[in-house]
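Chemist: Quick one: the structure is below, questions incoming.
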Amino acid sequence: MKARKKAVFNWSGGKDSALALQKTLRQNEFEVVSLLTTINEDTQTSSMHAIPLKLLLQQAESIGIPLHIVSLSAHHKNYETGMTEAISHFKKQGVTHFIFGDIFLADVKSYRESKLNPLGIEVVEPLWGKTSEEIFSEFLQSGIKTKIVVTQADKLDHTFIGKEINAAFAELLPKGVDCCGENGEYHTFSYDGEIFKTKIDLEITGAAKRTYEFKMDTGEMKSFEYWQAEMI
């Protein structure tokens, strides 16, 4: 029997990650030795989805794959430094592939490849090349359960926080919003389905508006407002 290639799965906690992981485990080509998540050192939440670390750990325990945490801070460790250290750690274990749940953002995929390939790590994208509509349909058929926990405030208001991603959801989206949120319109937390041995208890107690500054490709700093679920 051919030995499986060792891989690390880059875990966001959301629906695309869950779907990509489910496909990876079903295909059985890779031995997924660890999930990997970047968190904000100050808030102890995931970098983009703002999921509390304790919930990420519950997901990993339910899935049955250990979670490797890369803790990032503006003052101590940035993304590139943190990922380089993680790659060094996993290469010692024989890992040759990093798996992601991207769909079609070519610049994101190119960025990952430009950083990982020179370090001897191949990028794998199980969902790549399909349209958002195709991936949304696959997700609905997957049986994975997920809720919205972050929205870009100028795209989706606070009433979307806590909504389930189901067949009726796409009908609620304003024109121009990607049904999978691939342009950052929304982020999710997956809590049940085939990959989970036990359901994750998620309680959303409210929504708070947060403002973040991002450095654009031009070097300009730009502010974005988000609605974030308050989770326990």
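The values are calculated or read from the model by the stated rules, or taken from the named source; none is laboratory data. Quick caveat: nothing in here was measured; it's all calculated off a predicted structure. Cβ atoms come from the backbone with ideal geometry, glycine included; neighbour counts cover every protein chain shown.
Chemist: Please verify whether Gly193 is over 18 Å from Glu61 (Cα atoms) and under 18 Å from the mean Cα position of the chain (by Cα), treating the condition exactly as stated.
Modeler: No; evaluated as a whole, the condition is false for this residue.
Chemist: Moving to a separate point now. Could you list, in sequence order, the residues of the stretch 83-115 that are part of a loop (DSSP other than H, G, I, E, B) and either surrounded by 13 or more Cβ atoms within 10 Å (Cβ to Cβ) or touching a Cys at 6+ places or on another chain (Cβ under 9 Å) (or both)?
Modeler: Hits for the stretch 83-115 are Val95, Thr96, Phe100, Gly101, Asp102, Ile103, Phe104, Leu105.
Chemist: A follow-up question, please. Filter the stretch 18-32 down to residues that are within 13 Å of Gly193 (Cα to Cα) and either polar (S, T, N, Q) or not in a helix (DSSP H, G or I) (or both), then give me how many there are.
Modeler: 1
Chemist: Same structure again: Does Ala170 qualify as being among the small types (Gly, Ala, Ser) and at pLDDT 95 or above?
Modeler: So Ala170 fails the test.
Chemist: Looking only at the stretch 1-31, how many residues end up being farther than 26 Å from Tyr186 by Cβ and hydrophobic (A, V, I, L, M, F, W, C)?
Modeler: Residues flagged as farther than 26 Å from Tyr186 by Cβ and hydrophobic (A, V, I, L, M, F, W, C) within the stretch 1-31 amount to 4.
Chemist: It is to be established whether one or more residues within the stretch 156-173 are free of Cβ contacts under 8 Å to residues at least 12 places away in the same chain and more than 22 Å from Glu138 (Cβ to Cβ).
Modeler: yes
Chemist: Can you tell me which residue in the stretch 37-56 is surrounded by the fewest Cβ atoms within 10 Å (Cβ to Cβ), limited to those that are aliphatic (A, V, I, L, M) and touching a residue at least 60 places away in the same chain (Cβ under 8 Å)?
Modeler: Within the stretch 37-56, the match that is surrounded by the fewest Cβ atoms within 10 Å (Cβ to Cβ) is Met48.
Chemist: Within the stretch 71-81, identify whether any single residue is hydroxyl-bearing (Ser, Thr, Tyr), assigned to a helix (DSSP H, G or I), over 24 Å from Pro174 (Cα atoms) and modelled with pLDDT under 90, and answer yes or no.
Modeler: yes
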